[in-house]
Amino acid sequence: MCGIVGYTGNHQAAPILLDGLSRLEYRGYDSAGLAVRNGEALAEVVKATGKLYHLADKTDQGRSLIGTCGIGHTRWATHGDPSVTNAHPHVSGNCSGSGSGSVESDVVGVHNGIIENFAELKEKLLRHGYRFYSDTDTEVAVKLVDYYYKKYRIGPIDALTRTMVRVRGSYALALMFKDYPGEIFVARKDSPLIIGTAEDAAYLASDVPAILKYTRHVYYIDNLQAARIAPGSVKFYDLNGDEVSLPLTEITWDAAAAEKGGYEHFMLKEIHEQPTAVRDTLNSLLKDGQIDLSAAGLTDETIRSLTQIDIVACGSAWHVGMAAQYVLEDLVKIPVRVELASEFRYRSIPMAENTLVIVISQSGETADSLAALRVAKERGALTLAVVNVVGSTIAREADHVLYTLAGPEIAVATTKAYSAQLIAMDALAVQMAFARGAISPEQYGHFQEELSLIPDKIRRVLEDKERLQWFSSKIVNSHDIFFIGRGLDYAISLEGSLKMKEISYIHSEAYAAGELKHGTISLIENNTLVIGVLTQSQLFEKTVSNMVECRSRGAYLMGITTNGNFAVEDSVNFTVYVPRTDEHFISSLAVIPLQLLAYYTSVNRGLDVDKPRNLAKSVTVE
Ligand code: AGP
């Protein structure tokens, strides 16, 4: 996610802004920028790509930017590749170039979030004479505020509240207006934003760490509220522009805890960010309420021409492919192969005409996946990248790219990026099936409705986390854990097993339940934990039978199934339930308890959950 900071007071703003941004680096970013104004003078905007120290060097550690009021930003690209031009702050003027320097603009601003209807708003503004220098949704938002500010000439809060009514999506906006020196105006919906106060200063930030050094007295601005901050003063407004009051909160966290939003580890924070990551990814694929892949460049005509889909990835991304295979085969009705990238790149796989190779990668930099992408292109396949990092190598080299909007993922063990990939692949399968006439309009509507309910259902699964925390304390000394399932449940078992072993270091294996009797069942001993994923109704009884075979050899059984399947408790020792949903998409729910179980087991074993031994977040070497 992007990071926002703001300051107005008696001290030079730039060094304070740079310090605040440095404490938001954990949020992940690819560029950064500052806008500082010196009294009546217009804001000076400086931006840089890459790490924050490039921006600090460009401004002589902030000393070259004179002024006591300013805003700053670290950008995690969602719309528009990482570049100086796309970096924030953005300005309302029709300037050429990158929007840097002393800007002749009435409004300059920064934004964290996703403006979903930015394209239609951009069209509107173009019709009113605005010109755009960047590819970002943020420039559209800043120019829309300017449009209302000039049209109604009432003031910044009026312009902001009109913008809030017009915009769809999520935002934390911080803006400076030429006519209001020393003041900063903010607006918030769904993206985090806090306001800090001190005797002769006021601060704003996306998160507590950025201002904890200066004040522990903060306001948590509510959704659809705006605020006006000046040195030592803060006023809040509702959507009607009426002044409202908010309680002042004292922060008791230390800085390290604050970076994790109060969670003990980034992994737990990211597990809880999954409803938002899934919702944002899904929303990015919708246009007027329908799935729309035009942003990925996949036309219905191209989709109808396909004869084969190969999915290539590593690790958890490969597990997404394994799950997607079942959904694609069932809905789209064409052959789907899933290959480990490290194998695909060396195999001489005959490539059928009109094959689509989908490369799934959170980082977009995994060496094996990148090599596999290049091999696929050499063999004449059409390629689609499903990645989380805008502008990453895999994203740039694939013919088409479909971005997940999970935001930066800090923990080595992926959770929210995995879930975002899963929902993206489900949406892709539904759209492909409809484009090829493999499903009816009624089915299309049903599947879209079911997908839209997934974020809230994930939230409901997370509410059950204490039971998993309790169960993890029972299994903390396990030596071997087996995850089994059939069909989609097998694909989820793979991810559950990887999560467990990569952060708890307990040996674990995932097995297609029907395979146990072909060897592995010899490993089952007294109290060996066998975890069965049981969400596929057609396969439920068979997997339960496999689990009972294990229990008859001494195994301890945990089952994950859907609400209402209470009969399973006659067979297993510990059951976790997830909400019912269309069985094509239930993987998004069944994986959550497995993530939590792995997390709590690792914590109970006193291990470094976020940075497990021997592992890297992105394996950029072979
Ligand atoms: C999963 O928790 C691991 N971090 C690892 O398996 C990861 O999924 C794999 O290395 C692929 O990374 P990518 O998605 O960035 O390509």
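Please tell me if ALA41 is under 26 Å from THR197 (Cβ atoms), in a helix (DSSP H, G or I), among the aliphatic types (A, V, I, L, M) and more than 28 Å from the chain's Cα centre (by Cα).
It is false that ALA41 is under 26 Å from THR197 (Cβ atoms), in a helix (DSSP H, G or I), among the aliphatic types (A, V, I, L, M) and more than 28 Å from the chain's Cα centre (by Cα).
Every residue in the range 135-167 that is closer than 25 Å to GLY391 by Cβ and of a type outside the set (A, V, I, L, M, F, W, C), please.
ASP135, THR136, ASP137, THR138, GLU139, LYS143
Give all pairs with beta carbons closer than 6 Å in which a residue from the range 311-327 that is within 9 Å of GLU339 (Cα to Cα) meets a residue that is near the ligand (Cβ under 6 Å from one of its atoms) and not in a helix (DSSP H, G or I); count only pairs at least 6 apart in sequence or on separate chains.
Qualifying pairs under 6 Å: CYS314/THR366.
Among the residues of the range 472-494, count how many are of a type in the set (A, V, I, L, M) and within 15 Å of the ligand (Cβ to nearest atom).
3
Got a sec? Which of ALA424, ALA420, ALA413, ALA438 is part of a loop (DSSP other than H, G, I, E, B), in contact with a helix residue (DSSP H, G or I) (Cβ under 9 Å, 6 or more places away or on another chain) and either closer than 30 Å to ASN527 by Cβ or within 16 Å of the ligand (Cβ to nearest atom) (or both)?
Of the residues listed, the single one that is part of a loop (DSSP other than H, G, I, E, B), in contact with a helix residue (DSSP H, G or I) (Cβ under 9 Å, 6 or more places away or on another chain) and either closer than 30 Å to ASN527 by Cβ or within 16 Å of the ligand (Cβ to nearest atom) (or both) is ALA413.
Can you tell me which residue within the range 495-529, out of those that are in a helix (DSSP H, G or I) and among the hydroxyl-bearing types (Ser, Thr, Tyr), is farthest from the ligand (Cβ to nearest atom)?
Here the answer is SER522.
Quick grid of which residues meet (1) in contact with a helix residue (DSSP H, G or I) (Cβ under 7 Å, 6 or more places away or on another chain); (2) under 20 Å from LEU402 (Cβ atoms); (3) among the hydroxyl-bearing types (Ser, Thr, Tyr); (4) open to solvent by 10 Å² or more (accessible area, probe 1.4 Å):
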{"position": "ALA352", "(1), (2), (3), (4)": "no, no, no, yes"}
{"position": "THR355", "(1), (2), (3), (4)": "no, yes, yes, no"}
{"position": "VAL359", "(1), (2), (3), (4)": "yes, yes, no, no"}
{"position": "GLY364", "(1), (2), (3), (4)": "yes, yes, no, no"}
{"position": "LEU370", "(1), (2), (3), (4)": "yes, yes, no, yes"}
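How many of the residues in the range 307-317 are open to solvent by 10 Å² or more (accessible area, probe 1.4 Å) and more than 10 Å from the ligand (Cβ to nearest atom)?
Of the residues in the range 307-317, 2 are open to solvent by 10 Å² or more (accessible area, probe 1.4 Å) and more than 10 Å from the ligand (Cβ to nearest atom).
Test VAL46 against the stated conditions and say whether it is in a strand (DSSP E or B), in contact with a strand residue (DSSP E or B) (Cβ under 7 Å, 6 or more places away or on another chain) and more than 26 Å from LYS269 (Cβ to Cβ).
yes
Mind telling me which of the residues GLY407, GLY445, GLY437, GLY380 ends up being over 21 Å from HIS272 (Cα atoms) and touching an Asp or Glu at 6+ places or on another chain (Cβ under 9 Å)?
Going through GLY407, GLY445, GLY437, GLY380 in turn, the sole match is GLY380.
Being aliphatic (A, V, I, L, M), open to solvent by 10 Å² or more (accessible area, probe 1.4 Å) and assigned to a loop (DSSP other than H, G, I, E, B): is that true of ILE66 here?
yes
Take residues that are at pLDDT 90 or above and small (Gly, Ala, Ser) and tell me which of the helices (runs of 4 or more DSSP H) falling wholly in the range 248-357 contain 1 or more.
Counting at least 1 such residues, we get 274-284, 300-305, 315-332, 341-344.
Out of all the residues in the range 456-494, which are of a type in the set (Gly, Ala, Ser) and in a helix (DSSP H, G or I)?
Listed by number, the residues that qualify are SER472, SER473, ALA491, SER493.
Kindly evaluate GLY364 against the criterion of being within 15 Å of the ligand (Cβ to nearest atom) and in a loop (DSSP other than H, G, I, E, B).
yes
Hey, can you tell me all the residues within the range 372-405 that are within 13 Å of the ligand (Cβ to nearest atom), open to solvent by less than 20 Å² (accessible area, probe 1.4 Å) and part of a helix (DSSP H, G or I)?
Listed by number, the residues that qualify are ALA372, LEU373, ILE394, ALA395.
Any residue at all in the range 150-157 that is buried (at least 20 other Cβ atoms within 10 Å of the Cβ) and closer than 13 Å to HIS88 by Cβ?
no
Filter the range 201-213 down to residues that are open to solvent by 10 Å² or more (accessible area, probe 1.4 Å) and at pLDDT below 95 and give me whichever is farthest from the chain's Cα centre (by Cα).
Selected residue: LYS213.
When residues of the range 540-555 are filtered for being of a type outside the set (Asp, Glu) and surrounded by fewer than 20 Cβ atoms within 10 Å (Cβ to Cβ), how many remain?
So the count comes out to 7.
Look through the range 1-54, keep the residues that are at pLDDT 90 or above, buried (at least 24 other Cβ atoms within 10 Å of the Cβ) and touching a Pro at 6+ places or on another chain (Cβ under 8 Å), and return whichever of them is farthest from PRO89 (Cα to Cα).
THR8
Kindly check whether there is at least one residue in the range 336-347 that is more than 16 Å from the ligand (Cβ to nearest atom) and closer than 29 Å to ASN117 by Cα.
Among the residues of the range 336-347, not one is more than 16 Å from the ligand (Cβ to nearest atom) and closer than 29 Å to ASN117 by Cα, which makes the answer no.
Kindly provide the set of residues from the range 560-577 that are surrounded by fewer than 24 Cβ atoms within 10 Å (Cβ to Cβ) and assigned to a strand (DSSP E or B), ordered by number.
THR562, PHE574, THR575, VAL576, TYR577
Can you report the number of residues in the range 591-622 which are within 12 Å of the ligand (Cβ to nearest atom) and open to solvent by 60 Å² or more (accessible area, probe 1.4 Å)?
7
Looking at (1) open to solvent by 10 Å² or more (accessible area, probe 1.4 Å); (2) of a type outside the set (D, E, K, R); (3) more than 16 Å from LEU384 (Cβ to Cβ), which one does LEU468 not meet, given that it meets all the others?
Among (1) open to solvent by 10 Å² or more (accessible area, probe 1.4 Å); (2) of a type outside the set (D, E, K, R); (3) more than 16 Å from LEU384 (Cβ to Cβ), the lone unmet condition for LEU468 is (1).
Would you mention how many residues in the range 168-193 are surrounded by fewer than 24 Cβ atoms within 10 Å (Cβ to Cβ) and touching a Leu at 6+ places or on another chain (Cβ under 7 Å)?
Looking only at that region, the number is 2.
Which residues, taken from the range 525-538, are open to solvent by less than 20 Å² (accessible area, probe 1.4 Å) and more than 17 Å from MET500 (Cβ to Cβ)?
Selection gives LEU534, THR535.
Residue check: is MET432 within 16 Å of the ligand (Cβ to nearest atom), aliphatic (A, V, I, L, M) and modelled with pLDDT of 95 or more?
no
What's the total number of residues in the range 272-306 that are of a type outside the set (D, E, K, R) and within 16 Å of the ligand (Cβ to nearest atom)?
Of the residues in the range 272-306, 3 are of a type outside the set (D, E, K, R) and within 16 Å of the ligand (Cβ to nearest atom).
Identify the residue in the range 318-348 that is hydroxyl-bearing (Ser, Thr, Tyr) and open to solvent by 50 Å² or more (accessible area, probe 1.4 Å) and, among all such residues, is nearest to ALA512 (Cα to Cα).
TYR326
The values are calculated or read from the model by the stated rules, or taken from the named source; none is laboratory data. This one's a predicted model, so the numbers in the text were calculated from it and none came from an experiment. When we count neighbours, we look across all protein chains shown, and the Cβ atoms used for this are built from the backbone with ideal geometry, even at glycine. Calculation scope for accessible area: heavy atoms of the full protein, side chains included, ligands and nucleic acids excluded. Shrake-Rupley method; radii C 1.70, N 1.55, O 1.52, S 1.80 Å.
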